[in-house]
1. For the range 103-126, name all the residues that are open to solvent by less than 10 Å² (accessible area, probe 1.4 Å) and more than 13 Å from PHE65 (Cβ to Cβ).
2. Of all residues being open to solvent by 70 Å² or more (accessible area, probe 1.4 Å) and touching an Asp or Glu at 6+ places or on another chain (Cβ under 6 Å) in the range 354-405, which is modelled with the lowest pLDDT? Just the residue, please.
3. For the range 272-309, what are the residues that are aromatic (Phe, Trp, Tyr), assigned to a strand (DSSP E or B) and over 31 Å from the mean Cα position of the chain (by Cα)?
4. Checking the conditions here, which among PHE85, PHE100 is of a type outside the set (Asp, Glu), open to solvent by 10 Å² or more (accessible area, probe 1.4 Å) and either farther than 24 Å from LEU548 by Cα or modelled with pLDDT under 95 (or both)?
5. Is there a residue being more than 27 Å from ASN24 (Cα to Cα), in contact with a Ser or Thr (Cβ under 7 Å, 6 or more places away or on another chain) and not in a strand (DSSP E or B) anywhere in the range 347-355?
6. Tell me the residue from ASN211, ASN219 that is closer than 30 Å to ASP133 by Cβ, open to solvent by less than 40 Å² (accessible area, probe 1.4 Å) and modelled with pLDDT under 95, please.
7. Going by the conditions given, is VAL276 in contact (Cβ under 8 Å) with a residue 24 or more places away in the chain, open to solvent by less than 70 Å² (accessible area, probe 1.4 Å) and farther than 26 Å from PRO507 by Cα?
8. Scan the range 470-498 and report the pairs whose first residue is within 30 Å of GLU20 (Cβ to Cβ) and without any contact (Cβ under 8 Å) to a residue 60 or more places away in the chain and whose second residue is open to solvent by less than 70 Å² (accessible area, probe 1.4 Å) and polar (S, T, N, Q), with Cβ atoms within less than 6 Å and a gap of 6+ or a chain change.
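The values are calculated or read from the model by the stated rules, or taken from the named source; none is laboratory data. These numbers were taken from a predicted model, which means no experiment stands behind them. Here the Cβ is made from the backbone with ideal geometry for all residues, glycine too, and neighbour counts use every protein chain on show. The area values use the complete protein model at the heavy-atom level, side chains included, leaving out ligands, DNA and RNA. Shrake-Rupley method; radii C 1.70, N 1.55, O 1.52, S 1.80 Å.
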Amino acid sequence: MKKYVIAISMLIALPVAAQETYENANIVTEELNGTARYVGMGGAMDALGADLSTIASNPAGIGLFRSSQIAATAGLTTQQNAKDFHNASKTHANFDQIGFVWSSQESRNSFLNVAFNYHKSRDFNYILSATQDNLRDIKRIKADGTEGDMAASQNALSYIKAIGDVDADGWSTIAINKGKNSYSGDFYWTSQLDNLYYNTFIMGEGGAGFNMANGYNMNRASKGYIGEYDFALSGNIHDRVYLGLTVGLQDVHYKGYSEYTESLIGGGQLIGNITVCDERKITGTGYNFRVGAIFRPIEDSAFRFGISFASPTFYDLTTSNYTYLVNNSQEQSASYPNYRTSDSYDFRLYSPMKLGLSFGHTIGNYLAIGAVYEYADYGATNPRIKEGDYYDGYWGTYYSESSRDQVMKEHTEQTLKGVSTIKLGLEYKPTPEVAFRLGYNYVSPMYNSNGFKDAYLDSYGTNVASATDYTNWKATNRFTLGLGYTYGKFFADLAYQYCSQSGDFYPFMDAYVDDCKGYDDNGKLIVDQIDNYATKTEVDNNRHQFQLTLGYRF
């Protein structure tokens, strides 16, 4: 983890804002979801095609349909080892997919197909629990060279940000006024959470100061989804070349609630606790397009390979939060009644492009094998500041302009990286009516292991932040099974998916500062060094998903 000595001061401005890297990453990622056949084969169907879910990965797969079809999918997801929190259950039902394809034969070997499909590309339902009995021991180095053991705390981070400015006489200053986003003087880029601490804890009746904590407890429950509505046109040329185009629309619904509690220490004893409660919503829409092609290079062979390209998804989003602080400690009682803060703002977010390469082969009518490789550079995620809406009186339309949040963009490039996804799948049919399926996915880590949620960024995304925690998630492994049965024109498919991922949770970033106290009788500057390093907690996101697809061919 990085450490900072604060050496820059700036003024706060209040335009509309961009979003923060870790929250953006939660929006731009996708999961394995769709029809039960697609999931049962691990999504490795981009070159095999003839499944509605390929509309979102390689739309050329829609061109392999030889008849029309309608299908719908529902399922059940449960989070392993999770505890229910804040009316959120570890098990929830899903409506995962519904769609159809209309197949039209243009000549003996050529088809032109039109398709629509809805699927849930992102499921936000997740319960996070992270607990540490003690935060990492740190030191406060006094001017006389003596060291005192300390323990880190979230309020100490806000305190460090406040005292970081040193005036011409060598004194640390705290220049914080009461009221939301009401400040004076030179100081560091502050957040909504800093404002709560400044006005209800750090700036309390006991004067400016902070308390250490000997442990923390974080619980967060998030709900919601990103629904994707895809419209595709696809066809084939003489059963050798397949081409497809998809236009997608996204519908974002996210809601999260968290409680972060620290047990505080004063005078070497426990003096109670302090809790930050945060509720955040993110809603909005997006759009993208995807193109794909599948080639069967050898006329007498069923082997084929595919390529695909997905544009960025261009999101137009609104985020809002309501955050309050509950001070149950014996010290640092609040001088001011401002225990709450809230904000709502619009921003834009562009996800990275995605490239895909796939292979598929069938043997007779009983075996199908597929493989897919996808790459997306999540460091290229583009957070944007929405600058305003403009009305064109002549055309009677509204326009909205935005610009890149360059500071947050650079942080994103340092925190997120390119991700490779490998999908493997197999389908075996002992009889024409029955199918067995297997699949596996490996998704490389998206987060740098030394990434952190930077509280000092000169960014509007930092200014509206209401939480300091972050998780550096590691690689994802998915294992899938599937079973299919066909009866005449009707078919039913079952799928099971086990998704496993672990990560390192941090309640806040590491930081330190030189706390200048003035001069002694000999003119020597008196400086206390304050270190504030958090202890990580290992967390996981292991889920079991069950799906059922019912469909009809005509």
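1. The initial filter retains those residues of the range 103-126 that are open to solvent by less than 10 Å² (accessible area, probe 1.4 Å), namely 113, 115, 117, 121, 124.
Listed by number, the residues that qualify are SER121, PHE124.
2. Checking each candidate, the answer is TYR398.
3. The answer is PHE295, PHE305.
4. On the way: PHE100 fails: either farther than 24 Å from LEU548 by Cα or modelled with pLDDT under 95 (or both).
One residue alone meets the criteria, PHE85.
5. Restricting attention to the range 347-355, the residues satisfying the condition of being more than 27 Å from ASN24 (Cα to Cα) are none.
Within the range 347-355, none of the residues are more than 27 Å from ASN24 (Cα to Cα), in contact with a Ser or Thr (Cβ under 7 Å, 6 or more places away or on another chain) and not in a strand (DSSP E or B).
6. Only one candidate passes the filter, namely ASN211.
7. On the way: in contact (Cβ under 8 Å) with a residue 24 or more places away in the chain: yes; open to solvent by less than 70 Å² (accessible area, probe 1.4 Å): yes; farther than 26 Å from PRO507 by Cα: no.
No.
8. What qualifies is LYS474/SER502; ALA475/SER444; THR476/GLN501; ASN477/SER500.
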